[in-house]
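The values are calculated or read from the model by the stated rules, or taken from the named source; none is laboratory data. On a predicted model such as this, the values are computed, not experimentally measured, just so you know. Please note: Cβ atoms are built from the backbone with ideal geometry, for glycine as well, and neighbour counts cover all protein chains shown.
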Amino acid sequence: MFFFPFVCRVNIKIAHFQVKQNRYQNGSVVWRMGELAAPLEGMQEAVKAPPLEATQLQMLRLLQMNRERINESERKVLDELECRYKLHESEVYEPFLTPHTMASLPCCTEAELSVLKETGHLMLPPDNKPPKVTTPSKKGYEMESSEARMQSINVKCEEPDQDLSITSTSELPTTFSMLSQINVPLDISSTELMEMCRKRVEQPSDFKPIFDEMCPPPVAPNPLTDASSVKSSPPLPGQGNGSSVSAAAAPSNPLLKPTPLVVVESRKDAQSPELQKFCEQAPIALIRGLTSVLKMDLSLFSTKTLLEVASDQEVEVNHSIFVATLVRTQYRMPCDLNVDHLGSPTWNCMSTRSFTTIQKYATYQAETFKHSLKEESEKLRQAGAKYAAQQAAESNSAKKRRGPNGDEYPMPTKLIKFGTNVDLSDDVRWKTQLQELAKMPPFCRLIAGCNMLSHLGHTVLGMNTVQLYMKVPGSRTPAHQENNSFASININIGPGDCEWFGCPYEYWGTIEQICRKKNIDFLRGSFWPNIEDLIEEGVPVYRFTQKAGDLVWVGGGCVHWVQATGWCNNIAWNVAPMTPNQMQISLVSYEWNKLQSYKSLVPLQHLAWQLAKNIRFTNQKMFNILKGILIRSLSFCKMVADFANSHGKSLKPQARQKGEITHYCTLCEIEVFNILFVKEVNGKFPVYCVYCSRRCDLQDFIVLQQIPFADLQKIYDEMTLNLIPKASLIC
């Protein structure tokens, strides 16, 4: 068995940094090759060397990084792969990336820099002047403005007419939605708000609704464009400047969007406000060079280090069905193909769940590489016309199934295991790893003032904590949106690559409709979209390769799916930029989840109160959204309390403990904020919302209040706007 090697720290500081720099120049050092011997006796030179396949390319990188450890037979494999790679190196091209240097990004305005300074997240060296100030402009690719994105979201926060009244008053609002229209001015005091709520019970004829109590359900956003009106992609690298680009390499369909790629070349670039602004406005972006300029030791997340820290820790394993493609040596389903167990094309992604330990999965991860190396050795031994004939014969003999349109599809032949959700939340066990991530720029950090999730006050696994994924070639993360449509960070530890696909937030409604037609649950189901199906529906698609050390920024609400093309580990967590756009799409997701009886992992009512308590707001739109949430939340809490009192239920105080998780209704799984209805069931006291408890026998319930109204009123009244002239959307 072999493991991910650990490079010993040396005492000489200069040598230490040189080792770290070399270690991740081409990806992490992963495999110890001494036990991977595969005899290559009688190896012949190929008559015509074909381009390297995906698995061969990943194997080449592993062998190169372990050049000093490999034996003679493995060196022969490396030499052959290097020769073939050099012959076809000029053909290697990434057509779906639009590269940017930091100098090409639009600079921030004075107002934007003022906001960053005010929030304490503009990090400049003491001897450097602020970046050049200019008017923002669009460069490199068509960046949709935050204004346009916000207009596509079904949220209303404006101050409406106050002359509305209702003819009859029920004990509770018919519906309670964070998207409901506010019928009071945003500058209303808490005392006035509480007085209005009191009239609901004591003077129903004088009561006017504070918010729309018949709010319609949320509606998925409509695409801003369709297939016929999508603007063409900007020029790709090598186009329009005299360089030759093959027609096959360049995307011909305007819906195949070039992915924004930013190359970070210095520590100053990594901390620049321009990079933050670029990411927050992008549906999805690839950041290259960030981890290296910050001198991050990614080997701390290698399998070898994981074994040293927590070999007995359990990890979740997804068993994914593999399909043998026409290239026998890959034994995997191509990224753009998904078939069922009979070989029929489908969106359903077949997988089953089980659990294992890091130790056992590390063994499996190593075994798959040994097996692939042995197969590659056999291929090279038989290289030439003889092997070509044999390969063709074996490929033709593979099981296939003819589809309805006459096309033949390969049958699934191999089962692989994908290790997911390795929990790194223990800040004692994983102290070194978490300290390394603190080198990230503030807007990417797990804990930062500009990250709304840092203010939550309790742990939400995988969102405000780090999770690690252990992969072998072909491991798939099915298509999904992040929980409550928050943004996310994903770093490839290496050494292998990952293939990414993504669709902008504005098109998730179209994808949800396609899933519904295919009897797939968009929120709960496991599915792998067909790119051709998406293009036919006018949905733009981003596609790119994430190499070792690359960081992927997944914008809020972006539907994305990922497949590993090599052996690698990835780490990921969520971030919540303090922008109006992020908050609004999270509210839509929050209400959509309620409609689908799906639990929202982030309690937005609780989060809004935490932000109001901790943050001094300088952005008018963000302030309006949060103030609207507080108006709805405070008034609804008062209505629920009055409802309980009117039924003879007194509120028993039960203070919220530090780090206490948010409570959800046992039946409908919506967030239950402040006023909890509990009753004993088999010696336990599950929490219910007011609506579910009303449907049951209310007399069986005990009503608890976690936060006194006086405390909520104080937070509400002290939430003020600190305007900065011409402030923009960066917070």
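Quick notes on this structure:
Table: residues versus (1) in contact with a helix residue (DSSP H, G or I) (Cβ under 8 Å, 6 or more places away or on another chain); (2) over 16 Å from residue 544 (Cα atoms); (3) not in a helix (DSSP H, G or I).
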residue	(1), (2), (3)
435	no, yes, no
443	yes, yes, no
448	yes, yes, yes
457	yes, yes, yes
474	no, no, yes
491	yes, no, yes
499	no, no, yes
502	no, no, yes
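Yes or no, residue by residue, for (1) within 21 Å of residue 192 (Cα to Cα); (2) touching a residue at least 60 places away in the same chain (Cβ under 8 Å); (3) acidic (Asp, Glu):
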{"position": "628", "(1), (2), (3)": "yes, yes, no"}
{"position": "655", "(1), (2), (3)": "no, no, no"}
{"position": "668", "(1), (2), (3)": "no, yes, no"}
{"position": "672", "(1), (2), (3)": "no, no, no"}
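- Taking every residue in the range 447-458 that is on the phi > 0 side of the Ramachandran plot and pairing it with any residue that is surrounded by fewer than 20 Cβ atoms within 10 Å (Cβ to Cβ) and not hydrophobic (A, V, I, L, M, F, W, C), at least 6 positions away or on another chain, the pairs with Cβ-Cβ distances below 8 Å are 457/610; 457/658; 457/659.
- Residues satisfying the stated conditions in the range 171-190, i.e. among the hydroxyl-bearing types (Ser, Thr, Tyr) and within 15 Å of residue 627 (Cα to Cα): 177, 180, 189, 190
- Looking only at the range 621-661, and only at residues there that are within 21 Å of residue 180 (Cβ to Cβ) and of a type in the set (S, T, N, Q), the one that is surrounded by the fewest Cβ atoms within 10 Å (Cβ to Cβ): 624
- Residues that are over 10 Å from the mean Cα position of the chain (by Cα) and part of a helix (DSSP H, G or I), drawn from the range 476-489: 484
- Strands (runs of 3 or more DSSP E) contained entirely in the range 268-386, each with at least 2 residues that are farther than 20 Å from residue 566 by Cβ and modelled with pLDDT of 85 or more: 284-288
Residue by residue, here is whether (1) hydrophobic (A, V, I, L, M, F, W, C); (2) closer than 26 Å to residue 621 by Cβ; (3) at pLDDT 95 or above; (4) not in a loop (DSSP other than H, G, I, E, B) holds:
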position: 165; (1), (2), (3), (4): no, no, no, no
position: 170; (1), (2), (3), (4): no, no, no, no
position: 175; (1), (2), (3), (4): no, yes, no, no
position: 180; (1), (2), (3), (4): no, yes, yes, no
position: 192; (1), (2), (3), (4): no, yes, yes, yes
position: 199; (1), (2), (3), (4): no, no, no, yes
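- Residue that is surrounded by the most Cβ atoms within 10 Å (Cβ to Cβ), among those in the range 331-361 that are closer than 25 Å to residue 53 by Cβ and among the hydrophobic types (A, V, I, L, M, F, W, C): 333
- Residue check for residue 602: over 31 Å from the mean Cα position of the chain (by Cα) and buried (at least 17 other Cβ atoms within 10 Å of the Cβ): no
- Odd one out for residue 679, checked against (1) surrounded by 20 or more Cβ atoms within 10 Å (Cβ to Cβ); (2) free of Cβ contacts under 8 Å to residues at least 60 places away in the same chain; (3) in contact with a helix residue (DSSP H, G or I) (Cβ under 7 Å, 6 or more places away or on another chain): (1)
Rundown of residues vs (1) part of a helix (DSSP H, G or I); (2) not aliphatic (A, V, I, L, M), yes/no style:
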| position | (1), (2) |
| --- | --- |
| 627 | yes, yes |
| 631 | yes, no |
| 649 | no, yes |
| 657 | no, yes |
| 666 | no, yes |
| 676 | no, no |
| 691 | yes, yes |
| 711 | yes, yes |
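- Scanning the range 560-581 for residues that are touching a helix residue (DSSP H, G or I) at 6+ places or on another chain (Cβ under 8 Å) and either closer than 24 Å to residue 624 by Cβ or assigned to a strand (DSSP E or B) (or both) returns 569, 571, 574, 575, 576, 577, 578, 579, 580, 581.
- Any hit, the range 582-600, residues being closer than 19 Å to residue 624 by Cα, at pLDDT 95 or above and not in a helix (DSSP H, G or I): no
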